[in-house]
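Comments concern the structure below.
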Amino acid sequence: MIVDPATGFVVGVRRVLSPNYDERPLDAELGLIVVHGISLPPGEFGNGWIDRLFCNDLPADAHPYFATIQSLTVSAHVLIARDGTLTQYVPFDRRAWHAGRSEYCGRFGCNDFSVGIELEGTDDLPYEESQYRALGQLIVALRRGYPSLRRAEVVGHSDIAPGRKTDPGPAFDWSLLERALAAAGAT
């Protein structure tokens with residue numbers, strides 16, 4: 001897997017460009033990778049609703065839950081589906097709107113300096129081996145493409161927005177991510 005820092009895209013993956021991003025502050029260097037979990041409707045996978053949410057095209061009448069989130073303007077840089085395939089919504093050099101009110105090590109507004117990676121899943125259903133493998137490969141590619149990410153922490157959304165967010169949840173196995181990073185060539 002290759003990340004092209006000149007374009008901000010992972011080479012060769014599906015792209016669905018979200019309008020929900022803006023420029024990063026000029027002094028904001030990438031320094032954090034945030035792992036999220038998402039499913040729409042909750043607990044359902046592989047149906048295209050995440051694309052529609054990130055593109056402001058989620059029909060409120062398609063599911064009762066959608067009426068509660070339809071007005072959100074959110075995105076992530078990348079989604080990793082249950083089968084390990086990637087979809088990129090926002091170039092890495094732009095600020096995706098994934099973290100909301102957040103703080104990491106005394107720095108507020110984590111969207112300014114982080115990469116947001118969504119895993120299709122829930123807090124309480126195990127993530128797939130293919131997702132860990134793809135996440136490990138993506139993190140290694142990001143660290144190769146962006147020197148400021150080489151020593152960046154990988155944290156959950158719950159770590160930067162405690163009490164407000166719970167994802168990727170207790171079903172996310174951090175030791176499996178460590179193994180996937182090692183297998184992908186992390187140093």
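The values are calculated or read from the model by the stated rules, or taken from the named source; none is laboratory data. Since we're looking at a predicted model, the values are computed, not measured. Glycine gets a Cβ as well: all are built from the backbone with ideal geometry, and neighbour counts include every protein chain shown. Just so you know, the surface numbers come from the protein's heavy atoms only, side chains and all, with ligands and any DNA or RNA stripped out. Shrake-Rupley method; radii C 1.70, N 1.55, O 1.52, S 1.80 Å.
In this structure, does Arg144 turn out to be touching a residue at least 24 places away in the same chain (Cβ under 8 Å), out of contact with any Leu (no Cβ under 6 Å at 6 or more places or on another chain) and not polar (S, T, N, Q)? Walk me through it before giving the result.
Working: touching a residue at least 24 places away in the same chain (Cβ under 8 Å): yes; out of contact with any Leu (no Cβ under 6 Å at 6 or more places or on another chain): yes; not polar (S, T, N, Q): yes.
Against the criterion (touching a residue at least 24 places away in the same chain (Cβ under 8 Å), out of contact with any Leu (no Cβ under 6 Å at 6 or more places or on another chain) and not polar (S, T, N, Q)), Arg144 qualifies.
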Checklist entry - Can you tell me which residues in region 116-140 are in contact with a helix residue (DSSP H, G or I) (Cβ under 6 Å, 6 or more places away or on another chain) and part of a strand (DSSP E or B)? => result Leu119
Checklist outcome for this item: Among (1) assigned to a loop (DSSP other than H, G, I, E, B); (2) under 20 Å from Ser114 (Cβ atoms), Asp61 falls short only on (2)
Checklist entry - Mind checking which residues of region 2-17 are more than 16 Å from Leu149 (Cα to Cα) and not hydroxyl-bearing (Ser, Thr, Tyr)? => result Val11, Gly12, Val13, Arg14, Arg15, Val16, Leu17
Checklist entry - Which ones in region 12-55 are assigned to a loop (DSSP other than H, G, I, E, B), within 17 Å of the chain's Cα centre (by Cα) and either of a type in the set (Val, Ile, Thr) or surrounded by 15 or more Cβ atoms within 10 Å (Cβ to Cβ) (or both)? => result Val13, Val16, Ser18, Asn20, Arg24, Leu30, Gly31, Ser39, Leu40, Phe45, Cys55
Next on the checklist: Every residue in region 113-156 that is open to solvent by less than 10 Å² (accessible area, probe 1.4 Å), of a type outside the set (A, V, I, L, M, F, W, C) and closer than 18 Å to Val90 by Cβ, please.
Outcome noted: Ser114, Gly116
